[in-house]
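Rule-based calculations on the coordinates, nothing more; no lab input. Note that this is a predicted model, so its numbers are computed, not measured. With ideal geometry, Cβ positions are generated from the backbone for all residues, glycine too; neighbour counts draw on all protein chains shown.
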Amino acid sequence: MTLEVEASNGLPGFHPSELQRYLALHMAEAGLGEWRFEPATAGGTAANRVEWTFKLNPYAGGAVRNFARTPAHDGGVGAGRPVTIEARLYLNGEYQILVERQAVIWSGANDSEFAAAVASTAQALLGPSGAYHAIDSGRYGASRNR
């Protein structure tokens with residue numbers, strides 16, 4: 001089955017038009033054999049889709065912040081930005097389930113750690129032991145309509 005990939009809001013380091021392609025690419029890299037992913041097309045909402053939402057989290061550390069430049073994860077200089085990732089699955093136009101993860105964005109589209117977080121979220125949503133298959137087997141029960 002082919003799922004369209006939608007992103008409801010942007011992220012630091014990503015041009016708005018590239019985010020949906022980025023998500024579809026890294027979802028495909030998760031190795032979910034029965035699923036195919038395409039960036040959403042303009043002009044409507046697909047019946048079969050995954051909607052991604054990103055919420056920038058406040059920086060941890062209390063009232064005092066260190067503004068010194070620190071080594072970034074991928075070898076550059078900078079600070080990571082904590083983010084909450086939500087992925088919602090819709091099939092035949094009906095909401096199925098939500099998966100939520102925490103991640104850190106270091107360098108936008110070139111960030112291997114964030115790409116791994118996207119793939120991990122896709123696995124948790126659609127993988128053989130993921131949330132969607134859990135609702136089919138009854139492991140989630142009534143929480144399906146969260």
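7 Å from Cα along Cα→Cβ at both A115 and A134: what's the point-to-point distance in nm?
2.8 nm
For R101 and T53 in the same chain, what is the full-extension length gain: residue separation times 0.36 nm, less their Cα-Cα distance, in nm?
16.2 nm
Under a point spin-label approximation (7 Å from Cα along Cα-to-Cβ), what is the E86-E34 distance to one decimal in nm?
2.6 nm
Could the peptides 123-130, 88-95 be put in order, highest first, of the mean number of other beta-carbon atoms found within 10 Å of their residues? It would help to have the intermediate numbers written out before the result.
On the way: 123-130: 17.5, 88-95: 14.0.
Output ranking for 123-130, 88-95: 123-130, 88-95.
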